[in-house]
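Notes for the one structure printed next.
Just so it is clear, none of the values below were taken in a lab; they were calculated from the coordinates. Quantities reported herein were computed from a predicted structural model and do not represent experimental measurements. So basically every Cβ, Gly included, is an ideal-geometry build from the backbone, and we count neighbours across all protein chains shown.
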Amino acid sequence: MTSLGRVQTVNGIITQGSLHSGYLRIGRGVKNYSVPRLVALTFCPKEPDKNYVNHIDGDSTNNKISNLEWCTQKKKYATRCNVLDFAITVSINGPLNRFLLMVLLKNFYH
């Protein structure tokens with residue numbers, strides 16, 4: 001395991017893992033492990049009341065230790081909302097059209 005979120009497998013291959021549901025995972029078959037959780041367990045000191053790994057910048061594929069923190073479920077949810085608010089702001093002022101914005105909001109709140 002490296003501080004950049006890379007994992008060396010038992011056969012010596014270095015990988016970042018495979019993308020499953022927006023998160024990088026490593027393993028085979030039934031045994032799959034979350035790469036951000038492995039990085040956090042290895043490099044980030046854990047406080048007893050914080051059981052969730054949060055991607056500070058909202059990018060679930062950025063598993064550098066500088067982007068990971070242990071947090072509460074409430075904080076993790078708040079970070080997701082802040083990232084969505086940013087995406088909405090960019091889309092209103094940027095290339096996404098109003099229809100796509102409505103689809104994003106509908107999918108997020110349902």
### Task
Would you mind listing how long region 37-82 runs along its three principal axes, going by Cα atoms, in whole Å with the largest first?
27, 24, 13
### Message
Explain nothing, just the number: dipole magnitude of region 1-71 about its Cα centre with +1 on each Lys and Arg Cβ and -1 on each Asp and Glu Cβ, in debye rounded to the nearest 20.
### Response
340 debye
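In whole percent, what relative contact order does region 1-71 give with Cα contacts below 8 Å and a gap of six or more residues?
Numbers: 109 pairs, mean separation 21.4, N = 71.
Relative contact order of region 1-71: 30 percent.
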